Amino acid sequence: MARSLSQAGHTVTAVDKDSAAFERLGPAYKGQTVVGLGSDRDVLIKAGIERADGLAAVTAGDETNIVVARMAKTVFRVPKVVARLYDPGKAEVYRRLGLQTIAPVSWGVNRMSELLRYSSVETITSLGSGEVDIMEAELPELLVGRTVRDVTVSGEVVVAAISRGGKTFLPTLGTSFQEGDWLHLVVQGTSAGRLKSLLGQG
C-alpha cells in the first residue's frame, strides 16, 4: 500500500519497528521510512503525523491498530484514518468510537464466495467497513421498459447511474430501462439478495 500510494504521487512515510521490513518496499518506493513503534507518539511526530492528511494503521495486531487510529484521530486530528482488523467481530465497537475499519478476512471471504457463484451482478467496491457495496449489473430482459422506481428500495437499493450506448448518466426514478443498459447500483451489504430478487435472479 505504501509503495502504491508513493507511485501515485502521494507523500508517504512508512513506520515499522523492524528496519528490515522496509526492504520489501523495493526501489519503486519514493517515500520516507521511520523505524519505531507506530503507537509511540514521538515516532508518529517524527513521521510527520502533525501534517498528515491520512493514516492507515495496518500492523499485525488489532489492539495496536486501534490505539494508533484513535491517537491519530483524537490527538493529531488527522482527517482520514483507517484501521485494519483481523477480528471482524470488533468492527461494530470501533465504529461506535468513530473509527473506520477494514476487515480483510471477512471481506475476502465474501468476495471469493461471490466470484465462485456465477452472477451477472458484480461487486465493484465496498464502502466504509463493507456495509455498503457499489455494484454493476447488466439489465435483465424482464426489466426492459420498466423504470428505475421498480428496482429502488429505500435504504437498501439505489440505481446511481445507467450506462447506455457508451455514455453514463444519472437517472431519475421515472427513467425507463432499455435493452443493453448496465446498472450501477449502491446496495446495503445485507441487501444483495434483495437486489438479485429485483433483477429476477432470486
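Quick notes
- Every residue from the range 58-106 that is within 13 Å of Ser129 (Cβ to Cβ), of a type in the set (Gly, Ala, Ser) and in a loop (DSSP other than H, G, I, E, B): Gly98, Ala103
- Scan the range 4-44 for residues that are in contact (Cβ under 8 Å) with a residue 24 or more places away in the chain and charged (D, E, K, R) and the total you get is 2.
- Every residue from the range 116-127 that is in contact with a strand residue (DSSP E or B) (Cβ under 9 Å, 6 or more places away or on another chain) and either modelled with pLDDT under 75 or assigned to a helix (DSSP H, G or I) (or both): Ser119, Ser120
- Just one of the listed residues (Gly130, Gly155) is in a loop (DSSP other than H, G, I, E, B), under 27 Å from Glu92 (Cβ atoms), under 17 Å from the mean Cα position of the chain (by Cα) and of a type outside the set (Asp, Glu), namely Gly130.
- Val132 being at pLDDT 85 or above and under 30 Å from Asn65 (Cβ atoms): yes
- Residues in the range 1-57 that are touching a Pro at 6+ places or on another chain (Cβ under 9 Å) and either surrounded by fewer than 18 Cβ atoms within 10 Å (Cβ to Cβ) or part of a helix (DSSP H, G or I) (or both): Asp53, Gly54.
- Scan of the range 125-167 for residues that are among the hydroxyl-bearing types (Ser, Thr, Tyr) and more than 15 Å from Ala192 (Cα to Cα), ordered by number: Ser129, Thr147, Ser163
The values are calculated or read from the model by the stated rules, or taken from the named source; none is laboratory data. This one's a predicted model, so the numbers in the text were calculated from it and none came from an experiment. Glycine gets a Cβ as well: all are built from the backbone with ideal geometry, and neighbour counts include every protein chain shown.
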